[in-house]
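Enquirer: Attaching a single structure in structure tokens format; questions to follow.
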Amino acid sequence: MSQIDLSIFSPYENLFQTDVPLSKFAFSLCGGPGSEVIKTENSEILEYVIKCCIKAGYPYKVLGGMTNILISDKGFDGIVLLNRKGKISHKIAEDGSVILYADSGTGMAAVVRYCIENEISGMEWAAGLPGTVGGAVCGNAGAFGAEVKDVFFSGRMLDEHGEIYQLSPEKMDFAYRSSVMKNQKKGFILLDASFLLWKDNKRTILSKTEEYKDRRKNTQPVDEHSLGSVFKNPEGGFAGKLIQEAGLKGFSIGKATVSLKHANFITTEKGVTSEDYHRLICHIQNKVYEQFSVLLEPEIELFGFEVL
């Protein structure tokens, strides 16, 4: 694209970095360069920069923790907003419930810590969940029988025209690992969200949190680089079980490998390319389909690749 005029983003123009490899920030260790990259520290800066992009007609992409997205080796020719920080607060409602507020760039780990410190229950299941609030809401993240839609109260959204909407749970179209934010026609970006939680004692909350952390550590390759579950579970089954039964545990393409600990995870190491990762995804799909006539649908977002 033509030269980007960073002066339109004043007073934040000095926060931009040019031609930055997105692999530096990705849990997958791969991904091509972003033309101009900025780290936004709160929802106000995020909103401002996006509105500037819309006004100038610059293409933009908002990325959270990059724990559930595979960026192609081509990268992104436009503005990349790394949305990785944010504020957290809460208030006690009249009925005694707790409304927790968080900017979309807030890490889920920070949310869990905040809840422990303030004796707020309802988010224990998210212990050990990587990524940010924005990514978790967008993909209706879940674990151990719970998911975002169970506790979501409200979300402030920015659409592709720069208009702001406050969406209730009913308007979010939550589904299995999906929400209205997955609808590209609407172009919604989450600025901040609130969650309906409740009070409990710190010891109970901490105990539940540690239990979920241990369960995750015992069943998933949490100490290795991965993007979490690669495929959605097909109706009535489990993606990991099908991949394992197809004999693919430990199978590698380049520096991308089907995890020996959980077959629905692909682990990566230094030197991996997005092409390695993508080819392995396609290989898994083909093998599972050949053996079981089930086409696995990616749970992770594939950005810059042809639609599978």
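The values are calculated or read from the model by the stated rules, or taken from the named source; none is laboratory data. What you see is a predicted model; the values in this text were computed from it and never measured. Heads up, the Cβs are rebuilt from the backbone with ideal geometry, glycines too, and the neighbour counts pull from every protein chain shown. Side chains included, ligands, DNA and RNA excluded: accessible areas come from the protein's heavy atoms. Shrake-Rupley method; radii C 1.70, N 1.55, O 1.52, S 1.80 Å.
Enquirer: Shape verdict for segment 1-69, please, from the Cα gyration tensor: rounded (a/c under 1.5), prolate (a/b greater than b/c) or oblate.
Expert: Prolate, since a/c reaches 1.5 and a/b exceeds b/c.
Enquirer: Now, a different point. Once you charge only the Cβ atoms, +1 for Lys and Arg and -1 for Asp and Glu, what is the size of the charge dipole of the chain about its Cα centre, to the nearest 20 debye?
Expert: That gives the chain a dipole magnitude of about 520 debye.
Enquirer: With r defined as the distance between the Cβ atoms of residue 238 and residue 24 and R0 fixed at 30 Å, what FRET efficiency is calculated, to the nearest 0.05?
Expert: 0.35
Enquirer: Just to be sure I understand the model, the point goes 7 Å from the Cα along the line to the Cβ. What's the resulting residue 56 to residue 153 distance in nm?
Expert: Going by the 7 Å Cα→Cβ label model, 3.7 nm.
Enquirer: Let me ask something else. Once you sort the root eigenvalues of the Cα gyration tensor of segment 207-308 as a ≥ b ≥ c, which label holds: rounded (a/c under 1.5), prolate (a/b larger than b/c) or oblate (the other case)?
Expert: Taking the square roots of the gyration eigenvalues as a ≥ b ≥ c, segment 207-308 is oblate.
Enquirer: In terms of the Cα gyration tensor, with a ≥ b ≥ c the square roots of its eigenvalues, is the chain rounded because a/c is under 1.5, prolate because a/b exceeds b/c, or oblate?
Expert: In terms of gyration-tensor shape, oblate.
Enquirer: While we're looking at this one, here's another question. Tell me which residues come under 5 Å, amide H to amide H, from residue 69 once H is placed; ignore anything under 5 positions away on its chain.
Expert: Under 5 Å from the amide H of residue 69: 301.
Enquirer: While we're here: Which of the listed residues, 259, 144, 218, is farthest toward the dipole's positive end in the chain, when Lys, Arg count +1 and Asp, Glu count -1 at the beta-carbon?
Expert: Looking along the dipole axis, the top candidate is 218.
Enquirer: Size of the dipole of segment 191-308 about the Cα centre, Lys and Arg at +1 and Asp and Glu at -1 on the beta carbon, nothing else charged, in debye to 20?
Expert: 560
Enquirer: Then there's this: Between beta-carbons, use under 11 Å as the cut-off and find the net charge around residue 39, counting Lys and Arg +1, Asp and Glu -1.
Expert: Overall, the nearby charge balance is +1.
Enquirer: How much accessible area per residue does segment 129-198 have, in Å², with a 1.4 Å probe?
Expert: It amounts to 45 Å² per residue over segment 129-198.
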